[in-house]
Amino acid sequence: MSVLRWPTRNLLLSALLLCTAAVGAGTEPYDRQGWYGEGSATSDDVQRVPVPPGHGAPDSVLVLEGGRVFDGTGAPARPATVVVEGKTITAILAPGESDWPASAQRIDASGLTVLPGLIDLHTHLSYVRQFGLPAPLSAESVADGTLRGLERMHQYLLSGITSVRDLASHGEVPFVLKRWQASGRIAGPRVFPAGQLITGRGGHGTEGFALRTYPGHAQAPVWEASGPDEWRDAVRAQFKRGADVIKLGSHYSQAEITAAVDEAHALGLPVTVDAETQYIDMAIAAGVDVIEHPLPRSDAALRAMAREDIAAVPTLVPYQYIIRHSGGYYGSTSRRFTLTEDSILEMTRAMKRAGIRIGVGTDLIVDWSDYLPTAYIDELENLVRAGFTEAGALQAATRVSADILGMGDRLGTLEVGKLADILLVAGEPDRKLRDLARVHTVIVNGRLLVADGRLHSEPLRPAQPPQLSP
Ligand SMILES: [Zn+2]
C-alpha cells in the first residue's frame, strides 16, 4: 500500500462527510502516520511527532538468558532469550542460540518469567496525598506536586509498571516528568499525560470537598469550561503543553463534548472520558475513544461501545477502597447513584460480555500508590472475577492497554522491533497473578532501571571538563 493512499482516502471521506454532516461533528481525523515516508522515525509517544534517530536510546546491549518468555501476543510462555540493542528488542532466540556482541550485558533470567512491562492507564502523579486541610506532603505547590510525581513513578516502576497514562495532574507537572523520564535522567515509567481534566462548571473533579481546582488556574489539575468554544480552547491548552491524550469529565452538553472531541481528533489526540448514565451516551455520540470507570450505563450504550470500538478502563480497585471505607460513594456531583462492589463488578462483566476492549488502570488517588504492587494485582484479580483468565488479564495489562494508549505498534508485547519495556518476575504470573509482586528486573526503553527488586543506579560518569592544569 502506498504511503500517500491513506491521507488521500481520508480527504475524500472528509469531503463527503462535510457535505452530509454539520461541519466538524463526526469528521474523521486523518491518520497522521500516513504522511511520514517509509522508515521515517516518529516519536515513541502517541503524538507521533517525528524525532531525530536515536532519540532517548541508551548505548547498550542487554541479553536476558534462560528465562520463560510470556510475550503477550497470546502465545503460551516458552523458554527463550531476549536481546535488546539500544531501546529496541532486536532478537528473540531459541534456548542454546547465541547471537550478540561480546560487550553485551548478560542477565540471568533462569527461574524468572520475562514479560512485557505492565501498563497503568489511569494515574494522577501529582495529586495530594490527603484531601482537606493542607497537610505535610499534600501542599498544592508545583514543586511539591513534582516530587510527589517522582516518588510515585518509583513506586510504579518497582511494581513492574513501565508506562502510565496520567489522566490529570497539576499544571506542567506531568509534562516535566515525561520529558525528564524520556531523556533518561530520572527513573520511572513512560508518562503519557492528559494535562488537566476538562469538565463543566461544577462537574466531576471540582467538588468542594476534593481537589482545590482554582477555576482557570494554569497550575490546577482541573479546567472548568463553559460552552463549545471554551471546551475547544481547553483542549488546545492541553495540546500546547504536550498532551498525549485528552481527558474529559461530565457534566457537559452534547455540543460541548462534540466540540472537544472534534478538536482533539483534529489535533491527532485520542479522548477518554469520566462519565456516567446519559453522559456516556453523549460521549459515544461525540466519538470518544475510551470510557473510564465502572459507572452505570444502558445496555444500548454497552452495545454501542462494542460496535464503535470504544474501549473501557474499569478501575475497580479505587471504588472498592471507597466503598470499603465509606460504605458507598458519597458527595460527588457526578456519582448520584448507588454503587456497590457487586454493581461495579457486574458492570465490568457486562462490558466483557458485550465484547468491549478492556484495559487496566488503578486510579490510585491520595496515598493509595503506597499499596502497590498489591493494588495493581488486585485490579487484575478483579478482571479474573469478571471473566478473564489469568493470562487474559495479563494481556489486558500489556497488549490491550498498549493498544488503548495508541502505542500498540511500539509497546505491549515482546516482539522483534518493539521498544524494550520488559519485566522479569520470579514464578509464573500468567498462571498465578500474585507472582507479579516478585519483581526482579525492570527495563524501560532499553535501560536497566530495577535490578534484584531495587532501583538500579549507575556510578557517576562525569563529563570531561576543560583541562585547567598544564
Ligand atoms: Zn482518576
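The values are calculated or read from the model by the stated rules, or taken from the named source; none is laboratory data. A quick note: this is a predicted structure, and the numbers were derived from the prediction, not measured. Reconstructed Cβ throughout: ideal geometry from the backbone, glycine too, with neighbour counts over all protein chains shown. Side chains are part of the model used for accessible areas, which takes the heavy atoms of the whole protein and leaves out ligands, DNA and RNA. Shrake-Rupley method; radii C 1.70, N 1.55, O 1.52, S 1.80 Å.
Apply the Kirkwood formula to the chain: the hydrodynamic radius equals the inverse of the mean of 1/r over all pairs of different alpha-carbon atoms; give it in Å with one decimal.
One decimal place: 22.9 Å for the Kirkwood radius.
For the chain, what is the accessible area per residue in Å² when the probe is 1.4 Å?
Counting only protein heavy atoms, the per-residue value for the chain is 42 Å².
Note down the Stokes-Einstein diffusion coefficient of the stretch 257-305 in µm²/s, whole number, using a Kirkwood radius over alpha carbon pairs, 25 °C, and 0.890 mPa s.
Details: Rh = 10.9 Å.
It diffuses with D of about 225 µm²/s by this estimate.
Can you check what the net charge comes to around VAL142, using other residues whose Cβ is under 12 Å from the Cβ of VAL142 (Lys, Arg +1; Asp, Glu -1)?
Here the count lands on -2.
With θ taken as phi - 60° and the coefficients 6.51, -1.76 and 1.60, list the Karplus ³J(HN,Hα) couplings across the stretch 343-356 in order, rounded to whole Hz; mark glycine and proline as x.
With coefficients 6.51, -1.76 and 1.60, one gets 5, 6, 5, 5, 5, 5, 4, 5, 5, 5, 4, 6, x, 7 Hz.
Could you bin all the Cα-Cα distances of the stretch 125-278 into 10 Å bins starting at 0 and give me the percent of pairs in each, rounded to whole numbers?
12, 40, 34, 13, 0
For the stretch 249-259, in order, what is each residue's ³J(HN,Hα) by Karplus, 6.51 cos²θ - 1.76 cosθ + 1.60 with θ = phi - 60°, in whole Hz (x at glycine and Pro)?
For the stretch 249-259, the Karplus curve yields x, 5, 9, 7, 8, 4, 5, 5, 6, 5, 5 Hz.
Out of all DSSP beta bridges in the chain, what portion is antiparallel? Express it as a percent rounded to 5. Numbers along the way, then the final one.
On the way: 28 of 58 bridges.
Counting only bridges with both partners in the chain, antiparallel ones make up about 50 percent.
What ³J(HN,Hα) values, in whole Hz, does the Karplus curve 6.51 cos²θ - 1.76 cosθ + 1.60 give for the stretch 440-454 when θ = phi - 60°, with x put for Gly and Pro?
After applying 6.51 cos²θ - 1.76 cosθ + 1.60, I find 10, 9, 10, 10, 10, 6, x, 9, 7, 10, 10, 10, 6, x, 10 Hz.
Give me the net charge for the shell around LEU112: Cβ to Cβ below 11 angstrom, other residues only, Lys and Arg +1, Asp and Glu -1.
-2
Tell me, what % of the accessible area of the stretch 118-405 is carbon and sulfur with a 1.4 angstrom probe?
54
What's the local net charge at ALA354, with K and R +1, D and E -1, over the other residues with C-beta under 9 Å away? Could the numbers behind the result be given before it?
Values: positive: ARG303, LYS352, ARG353; negative: ASP299.
Residues near ALA354 contribute +2 overall.
In percent, how large is the relative contact order of the chain, given Cα pairs closer than 8 Å and 6 or more residues apart?
Once normalised by length, the contact order is 17 percent.
If you average the sequence gap of Cα pairs under 8 Å that are 6 or more apart and divide by the length of the stretch 230-288, what percent do you get for the contact order?
For the stretch 230-288, the relative contact order is 40 percent.
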